[in-house]
Amino acid sequence: MSLPRPLVRSTQFAALAFVLFLGFRGVAPAPPIGPFLDPVHGVWAVARGAELSEHDAVSLPTLGGDVRVVYDTRGVPHIFAASVEDATRALGFVVARDRLFQMELATRAAAGRLTELAGARARRVDRDQRSLGLPWAAERKLAAIDTTSAGWRLMQAYAEGVNAWIDGMRREDVALEYHVLGVRPSRWEPLQSIHLLNRMAWTLAHGDLELRMRQVETLVGREAAAALFPRNSPIQEPIVPNGRREPRVDLSTLPAPRAPDAREANVLSALDGLRERTRGLDGGVDESGDALGSNNWAVAPSRARNGHALLAGDPHLELTLPSIWYEAHLVVPGELDVYGVTIPGSPGIVIGFNRDVAWSFTNVESDVMDYFVEVVDDARHPTRYRLDGVWKPLEPRIERYRDARGSIVATDTVLYTHRGPLTREGLLWISTRWTAHDTTNESDALARAVRSRSVSQWLDAMTSFAVPAQNGIVADRSGTIAIRSTGRFPIRAPGARGDRMQDGSSSANDWRGALPLARYPFAINPPQGYLASANQQPVDPRVDSTYLGSHWYSPWRAMRINTLLRGDSSVTPEAMRRYQTDPGSARAEAFAPALLAAAAAIRGSGGGDATLDTVARLLGEWDRRYTKDNERAVLFESIMSALQDLTWDELARPARPVVRNERRRAVRGRTAPPRVDTPADQMLAILLRDPSNPWWDVRGTRQVVERRDDILADAMREGYRRARERHGDPAAGGWRWDRVHHANIYHLLRLEPLSRLNVPVQGGPSTLSPSSGEGRFGASWRMVVELGPSVRAWTIYPGGQSGSPASSRYADRVARWSEGALEEALLPRTDAELPANRVAARLTLSREN
């Protein structure tokens, strides 16, 4: 006799939980085993509470009236309320019901309070977070907030909803992770929503430009470093149209690298520590860099087959289970009817649409964080810093670290200058000036934006949005499309560059204010009939040379989407969805022909060999598309990796000299020395046009001077060797892209049994659906909206609405996301409009039950 399916599921889940318990003991203090496995109150109960009840009624005392919530078969809650505040209370309740542990983990991480969950092992992470000044900044924002603003009222209402869920939690409602950690949920405060937004600002901050630049300068000199990491993108395909129908390449000669300066070795090592901490706080950066980008674009009615404006958005962020996003629909008759995604812990929809307007964001990648080298009175225990010849007192802030019981386990002191937090890096004391430290209220802007009825209203609502700076694309039912880079863009002292560390002893180097709205990058209804952003430089510097940042993403994704949009004068929603996972690659189109030409040139000069001929034949068979079934992208990526190792060898820490004819062995059979930094691929593309540039010469082969084709040919040979070593013979099937290239969607605590690993995906580095390296970053949300008489929309994200691994809604969308499919969103105006066969559950919230 077989067991009933729910009992089987509960038994399997409890067994898995026990394995996790045993494995997690090395990460955090584990709870007593008896209570953990208690069949009534322990982890067994989690499986009982994992699914939604068909009908449920709950009391939420702060409501002004009843709220009806209808969950559709995709797990999306449609919230129907009489006021925006009540709708937000209900949003807090339903998000907490599905994602409370995720909310608490994210905000504790931002506040530097992980020790309260994971014990002393988390103290280093907490200390690093507090040294950034994020908790300090959140408290300042809370103190300065306008308590009459819409944003504040919604943060309060959201907290009331979250706490109503916490107050009414049963044993089976307590998430697995709380059982594993042996802790209970804490109450939610509006401050936590501010922490969450600060954490997102940090995730999206382009905050180590000057650190990277300074380190590279120690290895190759100031002039060469500035050329490798330029202020302006040498390949121009800007967000704001510049009137061209193809990218412009601004050629320049890369200055030769000079020898490393041994006197600056201490600077190199000191900045290593700061860079390592800044990377570690966000869980590290994906190897490709570009996978942390995003795309959005809009098409005017004149270029749409159905004659309606179209909008697409897919932010690329870290992929986690549960997802960073939560899908929801809020309806308040006559006031609000908005659909989209919220970040669990944020009191409203962030990306989405209403009946008239749709919007999405990409990161501007602007330079909004500067570092100042300070002069202090004591190199070990400073109390003052020098400014304009006068000693100024440092402001100490005592940081207390607590355990799960609330007991203080450690204390620390963070010092502040007038610019921001001060940290010691080797022999240097460095203070940080960052826009996220300013007293802004982004929730207020978002609260107004979701009620917009036109592009102009949306743009007006977003005027006060400051951090993180975003490229907001927007379209409305009248057919207007627009994009604006919105945020707080610092105005620096004359001659100062944000990608250089500044002298902190002079106030003349301080910021002078922020760029006015009239100077934000902006475009509306361009003659070309479409707009697109993919984290490229927003404005052509020949049009506006205002400094917004440097070391921009290579514009390969922007080039590809513009190619697709230029080539289609009758765009459909289906095409928009297809474009989001388009496997074409402008990057491959730039490099593959150059590699093949180099192989032919070497062969023509008598320097070829059988291996080079084989590689050229195999690479020539590739259509330069990253489809799942292709078997040549593996070779190309292996070649590109070897090409970086050979070309940018000067950016690695000095190693032993390599004797004549050993340049191939310099990267063969071992991991190449780690580089201090790697220039964007567009710099390599520029270098291709200069065959005798000194950068092609391998520094270690002192008796040989290599030229471009020598290095390209060696990269082909070495890339082929690596591909065979890792994936076998090219004819054996091991080079198939979906067997090599995957997305890895980890559980928040990196528990592999609760993760979805090795998920095959179409796309590759710098395609419209980019992912590479460890596969931890990618399209975290995909949305396409058609703004016709009746709005239609299609959405997907890699995960599920529930944060409970025992729920059928935990990862139910992953397979469809992997296929590149989107699902049509249901948009009922009332709770009665949702078809009965699409209703999964109903919830009524009222003041009294």
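Would you grab the residues whose amide H sits under 5 Å from the one on Asn471? Only those 5+ places off in sequence or on another chain, please, with H modelled 1.01 Å from N.
Thr362, Asn363, Val364, Thr486
By average Cβ neighbour count within 10 Å, what is the ranking of 494-502, 159-167 from highest down?
Listed from highest to lowest mean packing, they are 159-167, 494-502.
Could you tell me what percent of the DSSP beta bridges with both partners in the chain are antiparallel, to the nearest 5?
85 percent
Over the chain, with the other protein chains present, what is the accessible area per residue in square angstrom, probe 1.4 angstrom?
About 38 Å² of surface per residue is accessible.
Taking the Cα centre of the chain as the origin and placing charges on Cβ (Lys, Arg +1; Asp, Glu -1), which of Leu787, Ala469, His329 is farthest toward the positive end of the dipole?
The listed residue farthest towards the positive side: Ala469.
Please compute the contact order of the range 98-235 in relative form: average sequence separation of alpha-carbon pairs under 8 Å and at least six residues apart, divided by the residue count, as a percent.
Rounded, it is 28 percent for the range 98-235.
Treating the angle as unsigned and between 0 and 90°, give the value, to the nearest 10°, between the Cα long axis of helix 633-647 and the longest Cα principal axis of the chain.
Orientation of helix 633-647: about 60 degrees from the principal axis.
For His741, His727, what's the largest-to-smallest order of accessible area, 1.4 Å probe?
From most accessible down to least: His727, His741.
Could you order the peptides 832-840, 449-457, 137-145 from most to least packed, using the average number of other C-beta atoms within 10 Å per residue?
449-457, 137-145, 832-840
Compute from the Cα atoms of the chain the Rg and the Dmax, the latter being the longest Cα-Cα distance, and quote both in angstrom.
27.4, 88
Quick check on the chain: helices-only [θ] at 222 nm, where DSSP H runs of length 4 and up contribute -39,500 (n - 2.57) each and the sum goes over total residues. Nearest 500, please.
Calculated from helices alone, the mean residue ellipticity at 222 nm is -9500 deg cm²/dmol.
The range 297-374 to the range 548-581: how many Å between their Cα centroids?
Comparing the Cα centres of the range 297-374 and the range 548-581, I get a distance of 17 Å.
Quick one: go through the range 815-847 and flag any residue whose amide nitrogen is under 16 Å from the point 7 Å out along the Cα-to-Cβ line of Asn306.
Within reach of a label on Asn306: 822-828.
Which order do the peptides 121-129, 376-384, 582-590 take when ranked by the mean count of other beta-carbon atoms within 10 Å per residue, highest first?
My ranking of the peptides, most packed first, is 582-590, 121-129, 376-384.
Evaluate the charge dipole of the chain about its Cα centre and quote only its size in Debye, nearest 20, assuming +1 on the Cβ of each Lys and Arg and -1 on the Cβ of each Asp and Glu.
Using Cβ point charges on Lys, Arg, Asp and Glu, the chain gives about 980 debye.
Against the longest principal axis of the chain, how steep is helix 134-144, in degrees 0 to 90 to the nearest 10, with axes from Cα atoms?
50 degrees
Considering Cα pairs under 8 angstrom that are at least six residues apart, work out the relative contact order of the chain and quote it in whole percent.
20 percent
Can you grab the distance from the C-alpha centre of the range 637-651 to the C-alpha centre of the range 412-472, Å, no decimals?
Rounded to whole Å, the Cα centres lie 37 Å apart.
Can you tell me the 0 to 90 degree angle between the C-alpha axis of helix 209-220 and the longest principal axis of the chain, rounded to 10?
Value to nearest ten degrees: 20.
The values are calculated or read from the model by the stated rules, or taken from the named source; none is laboratory data. This one's a predicted model, so the numbers in the text were calculated from it and none came from an experiment. Quick reminder, even Gly has a Cβ in these numbers, built from the backbone with ideal geometry, and neighbours come from all protein chains shown. With ligands, DNA and RNA removed, areas are computed over all heavy atoms of the protein, side chains included. Shrake-Rupley method; radii C 1.70, N 1.55, O 1.52, S 1.80 Å.
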